[in-house]
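> Have a look at this one before I ask anything.
The values are calculated or read from the model by the stated rules, or taken from the named source; none is laboratory data. Everything quoted here is computed from the prediction, not taken from an experiment. Note that we place each Cβ from the backbone using ideal geometry, even for glycine, and neighbour counts take in every protein chain shown.
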2 protein chains.
Amino acid sequence: MTNKGLLIIFSGPSGTGKGTVLKSYFANHQEAKLSVSATTRAPRLGEQNGREYYFISKEKFAEMKSHNELLESAEYCGNCYGTPRAPIESWLEQGFDVFLEIEVQGGAQVRRLEPDSVGIFILPPSVKTLGERLRGRGTESEEVVQSRLKAAKHEIEQAVNYDYAVVNDTVEKATAEIAEIIHAEKHKTSRNPALIERVLNYD
Amino acid sequence: MTNKGLLIIFSGPSGTGKGTVLKSYFANHQEAKLSVSATTRAPRLGEQNGREYYFISKEKFAEMKSHNELLESAEYCGNCYGTPRAPIESWLEQGFDVFLEIEVQGGAQVRRLEPDSVGIFILPPSVKTLGERLRGRGTESEEVVQSRLKAAKHEIEQAVNYDYAVVNDTVEKATAEIAEIIHAEKHKTSRNPALIERVLNYD
């Protein structure tokens with residue numbers, strides 16, 4: 001009997017290293033999948049349909065939304081973005097844990113629809129560290145850095161709406177902590193209604 | 001800043017290996033303590049006050065109970081047993097995780113008073129395995145084994161009232177799972193109200 005996988009809502013401000021942590025996690029966890037968003041924007045050079053995004057038309061997007069086939073959706077710079085429900089449901093049924101890397105508003109939308117999901121928020125060690133990381137990239141002006149830090153503070157204030165908070169001190173530590181959280185969640189009695197029956201009845 | 005420790009309500013039917021699992025856990029976790037019960041029964045040979053039990057008079061027990069100094073209490077074979085609140089509170093404040101090894105009725109009493117506690121229920125791989133373990137001891141008649149199995153089934157049905165269920169397949173695996181559960185619980189945002197403030201304000 002395969003248990004259903006976990007849906008993990010994974011958020012944290014830009015520059016916290018979410019992507020690096022996920023990459024490290026996926027390298028050691030074959031049972032985990034990363035949800036792929038749908039978008040109406042055109043693919044950029046090198047992007048593959050179904051890898052970076054599902055690239056779909058505005059008409060298809062509107063249809064999916066009206067048919068309740070998106071777990072969340074948002075508009076950004078004139079393009080629509082959303083999370084298709086079907087591939088996630090299919091993976092969960094097969095026992096895969098599915099990570100949804102998403103900003104906090106989208107995360108809240110998904111949470112309302114999927115109360116069994118697990119919310120993990122990645123925190124920088126401090127906003128100061130976050131500023132140093134953003135400046136360290138050397139690609140952004142100080143004005144942009146300040147604007148990102150302000151946005152980050154707003155996001156961090158939403159961390160209380162997540163089940164767990166993990167500080168990204170080092171990638172290894174953060175990755176190990178995520179693995180522990182997921183293992184622990186799988187031992188919740190509320191997620192194992194069949195276990196007690198099995199222990200009682202198996203001869 | 002030391003975070004407060006966790007209070008862990010640890011239950012499971014007799015013969016499931018709770019004691020062995022705890023011994024293995026404590027051997028590697030100096031930050032954990034085992035709660036000691038108070039009793040009005042006389043100490044047996046080799047028992048030390050404050051180690052196996054706090055041995056107290058019936059008058060003292062009644063006084064503690066009336067002063068709300070016991071987290072739970074029960075009478076068994078004419079003797080009173082109870083869990084003193086003060087040593088647990090002191091350990092938790094110092095940051096120790098405190099395990100309360102307790103049967104399900106007592107566990108439910110503590111849970112009502114301490115909603116922040118974490119309930120972990122240890123399951124045998126199956127009731128059949130449990131019967132084999134009890135018979136393997138060679139100290140009990142088949143009648144006693146049957147009576148214990150019946151009691152075990154009643155206890156196992158209460159596992160749903162615990163947060164987590166851990167199957168004791170092997171001591172190593174069960175111990176590791178308990179460690180993961182405790183680490184994960186410590187990352188709950190609800191247990192870290194100061195963390196987000198610290199990330200936002202630390203410069």
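> Anything in the range B:144-194 that is under 25 Å from A:VAL118 (Cβ atoms), surrounded by fewer than 18 Cβ atoms within 10 Å (Cβ to Cβ) and among the aliphatic types (A, V, I, L, M)? List them, or say none.
B:VAL160, B:ALA176, B:ALA179, B:ALA194
> Any idea which of B:PHE61, B:PHE55 is buried (at least 21 other Cβ atoms within 10 Å of the Cβ) and farther than 26 Å from B:ALA152 by Cβ? Write out each step before concluding.
On the way: B:PHE55 fails: buried (at least 21 other Cβ atoms within 10 Å of the Cβ).
Step by step, each of B:PHE61, B:PHE55 is checked, and only B:PHE61 is buried (at least 21 other Cβ atoms within 10 Å of the Cβ) and farther than 26 Å from B:ALA152 by Cβ.
> Do we have any residue at all in the range B:24-41 that's over 29 Å from B:LEU134 (Cα atoms), surrounded by 11 or more Cβ atoms within 10 Å (Cβ to Cβ), under 12 Å from the mean Cα position of the chain (by Cα) and not β-branched (Val, Ile, Thr)?
So far as the range B:24-41 goes, no, none of its residues is over 29 Å from B:LEU134 (Cα atoms), surrounded by 11 or more Cβ atoms within 10 Å (Cβ to Cβ), under 12 Å from the mean Cα position of the chain (by Cα) and not β-branched (Val, Ile, Thr).
> When the range B:158-178 is examined, which residues are found to be out of contact with any Phe, Trp or Tyr (no Cβ under 7 Å at 6 or more places or on another chain), more than 8 Å from chain A (Cβ to nearest Cβ) and not polar (S, T, N, Q)?
B:ASP169, B:VAL171, B:GLU172, B:LYS173, B:ALA174, B:ALA176
> Are any residues in the range A:135-157 more than 12 Å from B:LEU200 (Cβ to Cβ) and within 14 Å of another protein chain (Cβ to nearest Cβ), and if so, which ones? Even if it seems obvious, please write down each step before you answer.
Going through the range A:135-157, the residues more than 12 Å from B:LEU200 (Cβ to Cβ) turn out to be A:135-148, A:151.
If the condition is that a residue be more than 12 Å from B:LEU200 (Cβ to Cβ) and within 14 Å of another protein chain (Cβ to nearest Cβ), then A:ALA151 is the only one that fits.
> Which one of these does A:GLU114 not meet: (1) at negative phi; (2) surrounded by fewer than 16 Cβ atoms within 10 Å (Cβ to Cβ)?
(2)
> So, one more: Where in the range B:102-203 are there helices (runs of 4 or more DSSP H), lying wholly inside it, with at least 1 residues that are under 16 Å from the mean Cα position of the chain (by Cα)?
Working: elements: B:104-113, B:127-136, B:142-156, B:171-186, B:193-201.
In the range B:102-203, B:104-113, B:142-156, B:171-186 are the helices (runs of 4 or more DSSP H) which contain 1 or more residues that are under 16 Å from the mean Cα position of the chain (by Cα).
> Please pick out the residue among B:SER141, B:SER190, B:SER90 that is among the polar types (S, T, N, Q) and either touching a Leu at 6+ places or on another chain (Cβ under 6 Å) or closer than 25 Å to A:VAL166 by Cβ (or both). Can you show your working first?
Numbers: B:SER141 fails: either touching a Leu at 6+ places or on another chain (Cβ under 6 Å) or closer than 25 Å to A:VAL166 by Cβ (or both); B:SER90 fails: either touching a Leu at 6+ places or on another chain (Cβ under 6 Å) or closer than 25 Å to A:VAL166 by Cβ (or both).
The unique qualifying residue is B:SER190.
> Which pairs have Cβ atoms under 6 Å, sit 6 or more apart or on different chains, and link a residue in the range A:161-180 that is within 11 Å of A:PHE121 (Cβ to Cβ) to one that is among the small types (Gly, Ala, Ser)?
Partner pairs satisfying both residue conditions: A:TYR162/A:GLY119; A:ASP163/A:GLY119; A:ALA165/A:ALA159; A:VAL166/A:ALA174; A:ASN168/A:GLY17; A:ASN168/A:ALA174.
> Follow-up question, since we're still on this one. Hey, can you tell me all the residues within the range A:7-48 that are of a type outside the set (A, V, I, L, M, F, W, C), under 25 Å from A:LYS186 (Cβ atoms), in contact (Cβ under 8 Å) with a residue 24 or more places away in the chain and not in a loop (DSSP other than H, G, I, E, B)?
A:SER11, A:LYS18, A:GLY19, A:THR20, A:SER24, A:TYR25, A:ASN28, A:LYS33 - these are the residues of the range A:7-48 that are of a type outside the set (A, V, I, L, M, F, W, C), under 25 Å from A:LYS186 (Cβ atoms), in contact (Cβ under 8 Å) with a residue 24 or more places away in the chain and not in a loop (DSSP other than H, G, I, E, B).
> Let me ask something additional. I want to confirm something. Restricting to the range B:57-82 and keeping residues that are touching a helix residue (DSSP H, G or I) at 6+ places or on another chain (Cβ under 8 Å) and aliphatic (A, V, I, L, M), which single residue is modelled with the lowest pLDDT?
To start, the set of residues in the range B:57-82 that are touching a helix residue (DSSP H, G or I) at 6+ places or on another chain (Cβ under 8 Å) comprises B:68-74, B:80, B:82.
Now restrict to residues that are aliphatic (A, V, I, L, M): B:70-71, B:74.
Details: B:LEU70: 96, B:LEU71: 96, B:ALA74: 93.
It comes out as B:ALA74.
> Could you list, in sequence order, all residues of the range B:49-60 that are in a loop (DSSP other than H, G, I, E, B) and not small (Gly, Ala, Ser)?
Kept after step one, since they are in a loop (DSSP other than H, G, I, E, B), are these residues of the range B:49-60: B:50-52, B:56-57.
Passing the criteria: B:ARG51, B:GLU52, B:ILE56.
> In addition: List the number of the failed condition for A:LEU200; all other conditions in (1) facing chain B (nearest Cβ under 7 Å); (2) closer than 30 Å to A:GLN30 by Cα; (3) surrounded by fewer than 19 Cβ atoms within 10 Å (Cβ to Cβ); (4) in contact with a Lys or Arg (Cβ under 9 Å, 6 or more places away or on another chain) hold.
It is condition (2) that A:LEU200 fails.
> Take the conditions surrounded by fewer than 17 Cβ atoms within 10 Å (Cβ to Cβ), touching a strand residue (DSSP E or B) at 6+ places or on another chain (Cβ under 8 Å) and not acidic (Asp, Glu) and apply them to A:LEU100. Does it pass? Even if it seems obvious, please write down each step before you answer.
Values: surrounded by fewer than 17 Cβ atoms within 10 Å (Cβ to Cβ): no; touching a strand residue (DSSP E or B) at 6+ places or on another chain (Cβ under 8 Å): yes; not acidic (Asp, Glu): yes.
So A:LEU100 fails the test.
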